[in-house]
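Participant: First the structure, then my questions, so here it is.
The values are calculated or read from the model by the stated rules, or taken from the named source; none is laboratory data. Just so you know, these numbers come straight off a predicted model, no measurement behind them. No Cβ is skipped: glycine too gets one built from the backbone with ideal geometry, and neighbour counts run over all protein chains shown. Remember, those area values only see protein heavy atoms, side chains included, never the ligands or the DNA or RNA. Shrake-Rupley method; radii C 1.70, N 1.55, O 1.52, S 1.80 Å.
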Amino acid sequence: MSQEIWSLGIDGTATAIRKKQYTCYEVVEASVSRLHETNPKINAVTIDLSEKALEQSRRLDSQLSDGDNMEPLFGVPITLKENIDLKGEATTLAVEKFTNNLAPSDSPVVNSLKKAGAIIIGKTNMPEFGLRWFTENPMRGGTKNPWDETRTPGGSSGGAAAAVAMGIGAMAHGNDIGGSLRYPSYCCGVVTIKPGFGRVPNYNPSFGAKRPMGFQIMAAQGPITRSVADARLAFEVMSQPSVLDPWSVPKTKTDGYNKGQLRIAVPNFLGNNVDPSVSGAIEKAAGILSSKGHLIETIDLPSVDELVDLWGTILFNDIRVFQLDLIRESGSKDIVSIIDSKISNLSKSSLEDYIMALARRVEVIQEWAIIMEKFPIILAPVSLQPPLEPNGDIGGKDQYKKMEDFQRWLIMANFLGLPSVSLPTGTADGLPTGVQLIGRRFYEEQCLDIAQDVEDEVGLLVKELWNK
């Protein structure tokens, strides 16, 4: 019975509570039990809020008995990443310096989740400052991949993805500036949507509104779930605009593809070092979508290498100006080495390069928008390799450059500000495989529609994990 409760997704949990099959307390108790049973093995949840969650569940049960209308996430247990503000709790960025950085109020996205009835059972692990594709840090230690502890759960939302995969909460909050939602979801065999620019507000009261340009225009907040339907529901809740983020846009719902034929592009060149499991996942997803009536075409796309270089020019010049002294003062030797390795590749004429990169970005967005008028969805890899061994980004600037090549399709979507769904397609050698579906700006729903077509055929991968 307990397993049945914790294994329910967002909609399943909320529906069961609504139908009075379970109380909020029973649901949260089951999820907390799952946390305490499995988290010691994977170290995904680093701040345990289970006592507060149980108290909140009792309050919600009393509201339910009074006949109040229920919100869409009423009683649903979730987790938050350690870099988002939850009032009264520390926003640490996985760095000792911020151990006492207590949030004065909730981030807008957290406020939306709480208003929707979600119950927060914990905060999840991440790399220092959220600046790695691996979830390792001296403060909390590393998070294990639930499928294979010798492989990374991804980063920077590695704790979030591992928690969801293991049934610790029906949804996890995460964020993404270079794949930090999609890569851990890929590594852990779960689902995410990285919303497009402006769709979900970005703001942390504990750090204030002052953020560098790259973080303003390329970072996104989003949900990690076990199913496409749950990602859709969570995105709907999270996409509430806020005046605290001037870039956030009013809620917009575009039409899906109405179950008709859609032209979907597969890139002619995926990149160097493409593992057979990656190309196999693309072929599998393309076959499924073709059988659903979509037209799959292999096409040439503008060079993704240029986008990766422009992303790095903007992001790491931002880091050099805004964070480098803090990272060197407060970070571990690993994070300092990684950031220094990347910054050493930047041109000495950094200001000119920075300005030109921002100017070129508008041209590139236009080029891709014209292509995507004809091909509204791009079916691409998440990473060019299966989940890597931990600390695969350590080894100097050449090793970091290799990582950027592996993650090129992740970076591309951030640079262009486009929505993207990452979802699993199966396993290879005991590790999850998956693809990402990149859509036009404001067309998150269309990405989710196409992802649902794939998931309808492959099912929920986590069930295989739970039966191991």
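Participant: Mean 1/r over all different Cα pairs, inverted: what Kirkwood radius does segment 90-153 give, in Å?
Facilitator: Its Kirkwood hydrodynamic radius stands at 13.5 Å.
Participant: Among 400, 118, 175, whose Cα lies farthest out toward the positive end of the dipole of the chain, if unit charges sit on the beta carbon of Lys, Arg (+1) and Asp, Glu (-1)?
Facilitator: 118
Participant: Quote to one decimal, in nm, the extra length available between residue 249 and residue 325 on full extension: 0.36 nm per residue of separation minus the C-alpha distance between them.
Facilitator: Difference between extended and current length: 24.0 nm.
Participant: Here's something else I'd like to know. Divide, for the chain, the radius of gyration over alpha carbons by 2.2 N^0.38 Å, where N is the residue count.
Facilitator: Ratio of Cα Rg to 2.2 N^0.38 Å: 0.91.
Participant: Still on this model: Residue separation times 0.36 nm, minus the C-alpha to C-alpha distance between residue 468 and residue 355: what's the value?
Facilitator: Here the answer is 35.5 nm.
Participant: Right, another one. Heavy atoms only, 1.4 Å probe, whole protein assembly: order 81, 20 by accessible area, highest first.
Facilitator: Listed by decreasing accessible area, they come as 20, 81.
Participant: Follow-up question, since we're still on this one. Using a 1.4 angstrom probe on heavy atoms only, work out the carbon and sulfur share of the accessible area of segment 388-468 in %.
Facilitator: Within segment 388-468, the accessible surface is 44 percent carbon and sulfur.
Participant: Which order do peptides 220-229, 381-390 fall in by mean Cβ count within 10 Å, highest first?
Facilitator: 220-229, 381-390
Participant: At 0.890 mPa s and 25 °C, plugging the Kirkwood radius over alpha-carbon pairs of segment 337-378 into Stokes-Einstein gives what diffusion coefficient in µm²/s?
Facilitator: Reported coefficient: 195 µm²/s.
Participant: Related question: State log₁₀ I(q)/I(0) for segment 342-408 at q = 0.29 Å⁻¹ as given by the Debye formula over alpha-carbon point scatterers of equal weight, solvent excluded.
Facilitator: For segment 342-408 at q = 0.29 Å⁻¹, log10 I(q)/I(0) is -1.14.
Participant: Sum -39500 (n - 2.57) across every DSSP H segment of at least 4 residues in the chain, then divide by the residue count to get the 222 nm mean residue ellipticity, nearest 500.
Facilitator: The helix-only estimate for the chain comes to -13500 deg cm²/dmol at 222 nm.
Participant: Also, quick follow-up: Taking all protein chains in place and a 1.4 Å probe, what share, in percent, of the accessible surface of segment 286-365 do carbon and sulfur account for?
Facilitator: 53
Participant: So what J values fall out for segment 236-246 if you push phi through Karplus, 6.51 cos²θ - 1.76 cosθ + 1.60 with θ = phi - 60°, rounded to Hz, Gly and Pro as x?
Facilitator: Going residue by residue, I get 4, 5, 6, 8, 9, x, 9, 5, 6, 10, x Hz, with x marking Gly and Pro.
Participant: Under a Cβ-Cβ cut-off of 12 Å, what is the net charge of the residues other than residue 92 that fall near it, where Lys and Arg count +1 and Asp and Glu count -1?
Facilitator: Result for the neighbourhood of residue 92: -1.
Participant: Follow-up question, since we're still on this one. Would you kindly compute the Cα radius of gyration of segment 1-139 and its largest Cα-Cα separation (Dmax), both in Å?
Facilitator: 15.6, 48
Participant: Computed over the Cα atoms of segment 382-468, what is the convex hull's projected area averaged over all directions, in nm²?
Facilitator: 6.9
Participant: Now, a different point. Please give the Cα centre distance for segment 21-48 versus segment 289-353, rounded to the nearest Å.
Facilitator: Between the Cα centre of segment 21-48 and that of segment 289-353, the gap is 36 Å.
Participant: May I pose another question? Averaged per residue, what accessible area in Å² does the chain show with a 1.4 Å probe, protein chains only?
Facilitator: Roughly 38 Å² per residue, with all protein chains present.
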